[in-house]
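Please find one structure pasted underneath; my questions will follow.
The values are calculated or read from the model by the stated rules, or taken from the named source; none is laboratory data. From a predicted model like this one, the values you see are computed outputs, not experimental measurements. So basically every Cβ, Gly included, is an ideal-geometry build from the backbone, and we count neighbours across all protein chains shown.
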Amino acid sequence: MKEWRITDPKTTTLLVDNKVTLLKGNILMWHYVIELIKRTFDGHSYDIFESEEKIHVNDYCLNLISYSDDYRSFETQNSKDKLMLLFNAYLELSPYYKNLVECWEELQEEVELLSEELGYSANVQLDDFKKKIVEDHLTWKSNEKNALDKILQQIKLTKKSIPDKRHLFVLITPENILDTNDLVKLNEHLQKQTSHFIVVSDYSFDGPVNTIYNNQIINYSIVIKNKDLISRFLPFVFDEEAFDHSLKWYINLVDKTRDNIIKLSLSSVDNLEQFIYVFLMIYFTHLPFVVDYSGIPAEYKNFIESVIESEV
């Protein structure tokens, strides 16, 4: 995992991976970030860095594919038209297409000869062949059960259309057209790709998770920056595996809460140890919270209250 840092006024930072990056939630939550990615990769309005190394956006082709009625940009509105243009370009390379053009020219001659033989006062002519003759008779035919194939085909054709670029795909709410089984298959497929996918979804795709709380992007990175501080404050010995498990509970809790005050209880996690880790993670990332002390031993309740009173 690594960070992408964009030089916009907010210094927007995402935790990303070479395969799949998850923006957990819906497009209304992530609209600013998606537009920011567009302005960075297509509009060159901002620079973007991976750690301290600048990303050369000209090396990338940004592809937006939305399945949400809440996001209909120019790119997503015209994605089908682009794919049909690409299909036509490949079709024109077919020997059958070339034969059609040649046969059309021969048919023109035949029409001209027949017109002369019949002796009509006005000659009958067959217009020159135009691409539109074929294009007007090409149509998309699909149904809901083939929705996954439709997505995979779009990804494949898009990559094939611009082979000399690195592709960055933004998939927006694929769960709107896919059921859970197809989402599992899509996730597996994306993990095998060489392109980078940023997925806006409430489905838990494998990859670094970014969520939003009160307009702040929350991910593992902001917690890991406080790892030493958390370790020093723990009332027991720090354990790396327990920390990692607690990180997942932290993200899950923040994601479920969204913009409400976080309610931390023993039922929020698997055990008391994780409860203490998650408490410190919430505290040191400065998120508003309340604690339900039900089932919490007195010594740990006193510990939590002492940390809060310390105002570190």
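Tell me the residue from Ile218, Ile261 that is among the β-branched types (Val, Ile, Thr), surrounded by fewer than 17 Cβ atoms within 10 Å (Cβ to Cβ) and within 33 Å of the chain's Cα centre (by Cα), please.
The conditions single out Ile261.
Something else about it: Among the candidates Val290, Val307, Val278, Val269, which residue alone is of a type in the set (A, V, I, L, M), more than 30 Å from Phe205 (Cα to Cα) and in contact with a Leu (Cβ under 9 Å, 6 or more places away or on another chain)?
Going through Val290, Val307, Val278, Val269 in turn, the sole match is Val307.
Right, something else. Give, as residue ranges, the helices (runs of 4 or more DSSP H) completely inside the range 130-194 that count at least 2 residues that are at pLDDT 95 or above and under 20 Å from Lys19 (Cα atoms). Explain how you work it out, then say what you get.
Details: elements: 131-135, 147-161, 180-191.
Because the criterion is at least 2 residues that are at pLDDT 95 or above and under 20 Å from Lys19 (Cα atoms), the helices (runs of 4 or more DSSP H) in the range 130-194 that meet it are 180-191.
List the number of the failed condition for Arg232; all other conditions in (1) modelled with pLDDT of 90 or more; (2) surrounded by 11 or more Cβ atoms within 10 Å (Cβ to Cβ) hold.
The single condition Arg232 does not satisfy is (2).
If you check every pair at least six apart or on different chains, which have Cβ atoms under 9 Å apart with a residue in the range 257-280 that is closer than 13 Å to Ser246 by Cα and touching a residue at least 40 places away in the same chain (Cβ under 8 Å) first and a residue that is among the aromatic types (Phe, Trp, Tyr) and part of a helix (DSSP H, G or I) second?
Taking only residues 6 or more apart or on different chains, the pairs are Ile276/Tyr300; Ile276/Phe303; Tyr277/Phe243; Tyr277/Trp249; Tyr277/Tyr250; Leu280/Phe233.
Within the range 162-190, how many residues are touching a His at 6+ places or on another chain (Cβ under 9 Å) and not aromatic (Phe, Trp, Tyr)?
The qualifying residues number 3.
Can I ask one more? Evaluate the following for Ser268: is it touching a helix residue (DSSP H, G or I) at 6+ places or on another chain (Cβ under 7 Å), over 30 Å from Lys156 (Cβ atoms) and polar (S, T, N, Q)?
For Ser268, the condition - touching a helix residue (DSSP H, G or I) at 6+ places or on another chain (Cβ under 7 Å), over 30 Å from Lys156 (Cβ atoms) and polar (S, T, N, Q) - is met.
If you don't mind, there's one more thing I want to ask. Tell me yes or no: at least one residue of the range 10-20 is at pLDDT below 95, loosely packed, with under 14 Cβ neighbours inside 10 Å and more than 18 Å from Ser221 (Cα to Cα).
No; the residues of the range 10-20 include none that is at pLDDT below 95, loosely packed, with under 14 Cβ neighbours inside 10 Å and more than 18 Å from Ser221 (Cα to Cα).
If the Cβ limit is 7 Å and pairs must be 6+ apart or interchain, which residue in the range 82-107 that is part of a helix (DSSP H, G or I) pairs with which residue that is small (Gly, Ala, Ser)?
Qualifying pairs under 7 Å: Leu86/Ser161.
Show the residue pairs meeting these rules: Cβ distance below 6 Å; 6+ apart or different chains; first residue within the range 222-240 and touching a residue at least 24 places away in the same chain (Cβ under 8 Å); second residue among the hydroxyl-bearing types (Ser, Thr, Tyr) and surrounded by 12 or more Cβ atoms within 10 Å (Cβ to Cβ).
Once the first residue is touching a residue at least 24 places away in the same chain (Cβ under 8 Å) and sits in the range 222-240, its partners that are among the hydroxyl-bearing types (Ser, Thr, Tyr) and surrounded by 12 or more Cβ atoms within 10 Å (Cβ to Cβ) give Ile222/Thr285.
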